[in-house]
Structures are given as C-alpha cells and as structure tokens.
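J.: I have a structure here, written as structure tokens, and I will follow up with some questions on it.
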Amino acid sequence: MVNQCFCIGYYICRCQECPKCLNILSDTIISVSDCLCSHEPQIVLSNGWKPNGDNKDYIEKNFKCIDDYIKMSEEINRLFNNNRFFSDGRFLRFDDAKYFFETYFNSENYKLIAARMDTKYYEFLRQYA
C-alpha cells in the first residue's frame, strides 16, 4: 500500500560533495536538510538583512553583477513578507521556485526539487503553522 503524500514546498538545492560518513555510492548529494546542502536564495544574505546581508563572497559566487543581486533581494524579500518563502529556503509555490531557479540559479550546481511528506504528519505540522 502506498501512503498518500502532500507537497510541503520547493527548494533550490546546491549540489554538495557527499560526506564520507553517509557511505553513499555518489560523489554529490542534494538534500532539503541544511546540514547537508545549502538552499538558494539565502534570505539572511540578501540585501537589507543585518548583520549578514550584502555578503561580498555570496554576491560574487552567485550573481553576475550587483544589480542582479539587488533585484533578487527585493523579489525574495517580497515573497518572504507575503509568506510565500520561508527562512529555511522553501518556496510554497512552484511558479515562484521555478522563476528564481530559471532567473538566478540555473546552472549545473543547483537542482529544483519538491519536498513531500506523508499525510499522517499533516495535522502535526498544522499546529505549528
């Protein structure tokens, strides 16, 4: 019997080197766990967030120019303020995640993934919503 699942959101995950301790037969890994992979965009590194916003290394590593970074920051902060993006890097709507992936993070270093959860956890999660 297959359990019913529901989508809890979408992540843009950076492909990371697979930790040896996982003993997986792969050189790289993607995960919704921020212990294993970083997720983009990182809102705490966006323009206007103190103390880590406007991080020079983050800007140089991820954006062609400062104007792209500023535009991305404005757009992701708008989604965050409208409860459509969460600080864990999760988009609630596929169209938002797809737009950010295609516009800012469309390279072999990133994957756009959906996170799904068994429905038996739905009521548990609702109490924290």
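Each reported figure results from applying straightforward, stated rules to the coordinates on display, with no laboratory input. Please read these numbers as outputs of a predicted model, since none were measured by experiment. Note: ideal-geometry Cβ built from the backbone for every residue, glycine included; neighbour counts use all protein chains shown.
J.: Given 0.36 nm per residue, what is the gain on full extension from E108 to K71 after removing their alpha carbon distance, in nm?
T.: Numbers: separation 37, 0.36 × 37 = 13.32 nm, distance 2.22 nm.
Once the chain is fully extended between E108 and K71, it gains 11.1 nm.
J.: As a test of the formula, what do you get for the chain when each DSSP H run with n ≥ 4 contributes -39,500 (n - 2.57) and the sum is divided by the residue count, at 222 nm and rounded to the nearest 500 deg cm²/dmol? Mind showing how you got there, number by number?
T.: Details: 4 runs with 39 residues, N = 129.
Taken over the chain, the calculation gives -9000 deg cm²/dmol.
J.: While we're looking at this one, here's another question. Mean separation of Cα pairs under 8 Å and 6+ residues apart, divided by the residue count of region 1-85: what relative contact order is that in percent?
T.: About 19 percent, as a whole number.
J.: If you place +1 on the Cβ of every Lys and Arg, -1 on the Cβ of every Asp and Glu, and leave all else neutral, what size is the dipole of the chain about its Cα centre, to the nearest 20 Debye? List each step's numbers first, then the result.
T.: Numbers: 16 positive and 18 negative charges, 68 e Å.
Value, rounded to 20: 320 debye.
J.: Ok, one more. As an exercise, identify the chymotrypsin sites (Phe, Trp or Tyr not before Pro) in region 64-129 lying in DSSP coil whose Cβ has no more than 11 other Cβ atoms within 10 Å. Show your work: numbers first, answer last.
T.: Numbers: sites: Y69, F80, F85, F86, F91, F94, Y99, F100, F101, Y104, F105, Y110, Y121, Y122, F124, Y128; in loops: F86, F105, Y128.
In loop regions of region 64-129 (DSSP not H, G, I, E or B), the sparsely surrounded chymotrypsin sites (Phe, Trp or Tyr not before Pro) are Y128.
J.: A further question follows. Multiplying the sequence separation of K98 and N81 by 0.36 nm and subtracting their Cα-Cα distance, what value in nm do you get?
T.: Numbers: separation 17, 0.36 × 17 = 6.12 nm, distance 1.88 nm.
In short, 4.2 nm is gained.
J.: Here's something else I'd like to know. Within region 41-120, list the GluC sites (Glu not before Pro) lying in a DSSP loop whose Cβ has at most 15 other Cβ atoms in a 10 Å radius. Mind showing how you got there, number by number?
T.: Numbers: sites: E60, E74, E75, E102, E108; in loops: E108.
Here the sparse-neighbourhood loop sites are E108.
J.: Same structure, new question: Quick one, what does Rg over Rh come out to for region 1-121 if you take C-alpha atoms and the Kirkwood Rh? Walk me through the numbers on the way to the answer.
T.: Values: Rg = 15.4 Å, Rh = 15.4 Å.
Ratio of gyration radius to Kirkwood radius: 1.00.
J.: Reachable lysines from K50, Cα under 21 Å, same-chain residues fewer than 8 places away excluded?
T.: K61, K71
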